[in-house]
Amino acid sequence: MNPVGQPLQQRPISRTLMISGLIGLILFVLFQIVPSLTQEDFAGEPVISKSEARENAALFAAQNLGYIPETGDRWIVTYKSDSAFYGYMSRESLLDDYSKRKLDRKYPYDTFHASLDSQDDKWADLAVDLNMYTGEPAGFTRIPAGAGEKGNGTEAALTGKDETEDVISDTSLSPVQQERLAQPWLKLWGADPSRLKKAFASGGFGLIYTDSSVKIGEAPLRYAFKFTAGEVSVFRPGFSAPEWHTAYVKSQTSAATRYTLFGYGLPTFALGVLALIYSILRRQHTSFARGAFLSAAHFAIMMISTYNMLPETAGTGAEDRITSVVMFVIYTLYSLLMSALLYFSLVGGNGLWRKEEGLNPWPRAKEPGYGKYVMDSVYAGYIWAFVLLGVQTIMFIILQYTLHNWSTTDPTQSPYNMRYAWLLPIVAWLAGLSEEAVYRLFGIRMLKKIVRSTLLASLITTIIWAFGHTLYPIYPISSRPIELTVIGLLFSYIFLRFGFIAVMFSHVVFDSILMGATLIFMQEPVNVAAGFITIAMPFVVGYIVYRFNPPGRERKPQSLDLGPGPGPGSGPEPGPIT
């Protein structure tokens with residue numbers, strides 16, 4: 001960071017840093033990109049479009065489920081995933097075996113859930129699950145009107161909950177009747193009757209056939225049926241995770257919720273209050289106007305991202321509209337709160353560093369050398385992002401061999417459940433801006449006032465930040481904070497050595513590469529193009545800033561200092577965290 005009032009000059013990128021960045025990028029490609037390209041499941045086969053999913057669902061429903069198309073009918077398509085079963089296979093290293101045996105074709109764990117939204121009141125719920133790659137049916141739901149709550153699969157997509165699990169199977173049917181109704185579907189799916197063992201239940205699924213000759217780990221192949229109004233209302237062929245695994249995940253999720261609330265939520269709220277206080281106390285050394293634009297942009301991006309991440313719904317009733325309005329208000333208030341936290345962190349953090357350290361962590365436009373400083377920060381951001389990707393890769397390998405960590409799917413975060421998948425990368429700008437402002441620009445200097453140590457302050461704010469990521473579907477949950485503590489300390493180092501703009505860009509580039517790769521793997525032309533644009537966008541933004549602030553259009557140095565000079569305790573620029 002530069003001293004207050006001095007022309008801006010970014011630290012040069014050393015040869016060692018460049019080599020480290022190159023090594024990090026190579027590690028990332030070899031251990032994270034290449035395995036995704038060479039995995040067995042549907043290698044090179046693109047995901048079907050949602051319009052194709054609608055057509056396939058309507059055709060299957062018309063041929064097999066008694067559906068008669070009506071004018072105004074539409075099929076809502078959402079992405080669903082059996083996260084429990086996928087997680088079990090990931091944990092037990094069974095994914096390759098599942099793919100090699102082609103079980104993922106007939107019994108996919110990832111599906112498109114096509115649900116009917118019709119003007120006809122005949123159906124409470126009519127939906128078809130489809131293989132995302134082949135478009136073949138993978139199960140269905142058909143609940144007549146009056147037999148259950150109307151649902152369109154949106155809740156299932158957001159929570160992973162089966163929207164039919166509250167519908168109890170019809171117990172008025174005799175076992176013989178249930179078997180007779182199930183036989184056509186077993187035949188259609190190519191089940192061998194001689195290998196099936198049946199079991200009847202009083203609630204939930206009424207009839208379950210098990211084929212123990214086809215197993216994935218401890219999980220045998222099952223054909224599960226529910227019955228309503230004398231018909232098969234739900235058919236779910238496939239596998240289920242063992243109960244001990246689902247119990248483990250439930251306990252881990254419960255612990256992650258506590259860590260998020262008490263380790264992240266409350267400390268972050270406390271930082272927000274302190275940011276407000278110190279924005280006022282250090283107002284002579286900062287500007288209340290500067291953070292307004294970034295905070296407003298942050299709020300706008302949050303609202304766009306929130307809208308984009310809400311799957312399309314089919315609810316048209318008063319209750320659905322009220323729920324939508326309430327949720328919109330909640331998301332708006334949350335976005336306002338987070339944007340306010342960002343604003344006061346920018347203002348308060350800038351004031352603290354200028355007053356307490358005599359340093360300029362967040363330079364203003366038109367300061368001498370600002371345009372070149374921003375471009376140099378962008379270059380540093382890219383190099384450091386490559387380093388961070390390599391470090392993350394190494395951490396994944398270490399945690400895999402020590403804690404045996406594993407991950408699973410999360411439909412709530414999937415771009416397949418977004419209205420416009422290509423908008424996914426805007427989240428990278430939210431994280432890079434807000435998290436670096438709160439936990440680095442403001443958090444480190446604020447905590448240093450308390451603990452009197454830059455390293456300890458960096459560690460505390462990093463741990464708070466890391467606890468905010470424990471609800472990600474990575475297990476055991478302790479692995480995520482360990483990984484992010486290392487990453488967060490590196491972000492702290494970048495901030496202390498290169499300043500706020502550089503660390504913000506490093507964070508944005510880091511996330512943009514990960515999210516851009518996700519879009520590229522989706523293989524749709526618009527998403528592939530968006531993926532490459534996403535990776536280049538930080539450079540484009542930096543270059544635009546540079547063009548609007550070229551050398552020669554700068555204020556004189558004496559106009560830079562806001563308020564009196566640094567007070568007692570000011571010192572030279574802090575060195576590396578060691």
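Bear in mind these aren't lab numbers, they're just calculated from the coordinates by the rules spelled out. From a predicted model like this one, the values you see are computed outputs, not experimental measurements. Methodologically, a virtual Cβ is constructed for each residue, glycine included, from the backbone with ideal geometry; neighbour enumeration extends over all protein chains shown.
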How about Lys100: which lysines have a C-alpha closer than 29 Å to its C-alpha, ignoring those fewer than 8 places off in the same chain? Lys50, Lys80, Lys161, Lys187, Lys197, Lys198, Lys215
Total formal charge among the other residues, if their Cβ is under 9 angstrom from that of Ile474, Lys/Arg +1 and Asp/Glu -1: 0
Which net charge results when you count Lys and Arg as +1 and Asp and Glu as -1 among the other residues whose beta-carbon is under 14 Å from that of Leu17? +2
Packing rank of 527-537, 221-231, where each peptide gets the mean count of other beta carbons within 10 Å, highest leading: 221-231, 527-537
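Out of the trypsin sites (Lys or Arg not before Pro) in region 13-115, which ones are loop residues according to DSSP with at most 16 other C-beta atoms within 10 Å?
When the trypsin sites (Lys or Arg not before Pro) of region 13-115 are filtered for loop state and at most 16 Cβ neighbours within 10 Å, Arg101, Lys102 remain.
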Starting from region 10-75, pick out the GluC sites (Glu not before Pro) whose DSSP state is loop and whose Cβ has at most 11 other Cβ atoms within 10 Å. Glu70
What is the Cα centroid distance between region 250-309 and region 80-149, reported in whole angstrom? 37
To the nearest 20 debye, the chain has a Cα-centred charge dipole, built from +1 on Lys and Arg Cβ and -1 on Asp and Glu Cβ, of 2400
About the Cα centre of region 396-548, how large is the charge dipole given +1 on each Lys and Arg Cβ and -1 on each Asp and Glu Cβ? Please answer in debye to the nearest 20. 640
Quick check: residue separation of Gln32 and Tyr334 times 0.36 nm, minus the Cα distance between them. What number comes out in nm? 105.4 nm
If each Cα of the chain is one equal point scatterer, what is log10 of I(q)/I(0) from the Debye formula at q = 0.06, 0.09, 0.12 Å⁻¹? -0.37, -0.77, -1.19
Among Gly230, Tyr107, Ala57, whose Cα lies farthest out toward the positive end of the dipole of region 50-241, if unit charges sit on the beta carbon of Lys, Arg (+1) and Asp, Glu (-1)? Tyr107
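For a protection proxy built on the mean count of beta-carbon atoms within 10 angstrom, sort 490-500, 362-372, 300-310 highest first, please. Don't skip to the end; give the middle numbers.
Details: 490-500: 23.0, 362-372: 19.2, 300-310: 16.9.
Peptide ranking by packing, descending: 490-500, 362-372, 300-310.
Give a quick list of trypsin sites (Lys or Arg not before Pro) in region 379-446 that DSSP marks as loop, anything other than H, G, I, E or B, with at most 12 other Cβ atoms within 10 Å.
Details: sites: Arg419, Arg440, Arg445; in loops: Arg419.
Within region 379-446, the qualifying trypsin sites (Lys or Arg not before Pro) (loop, at most 12 other Cβ atoms within 10 Å) are Arg419.
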What is the ratio of the Cα radius of gyration of region 50-241 to 2.2 N^0.38 Å, where N is its residue count, to two decimals? 0.99
Which value in deg cm²/dmol, rounded to the nearest 500, describes the helix-derived mean residue ellipticity at 222 nm for the chain, given -39,500 (n - 2.57) per DSSP H run of n ≥ 4 and division by the residue count? -16500 deg cm²/dmol
Ranked on Cβ counts within 10 Å of their own Cβ, fewest leading, Leu186, Leu342 go Leu186, Leu342
I need the calculated FRET efficiency for the pair Asn64 and Ala297, taking r as the beta carbon distance and R₀ as 60 Å, to the nearest 0.05. 0.75
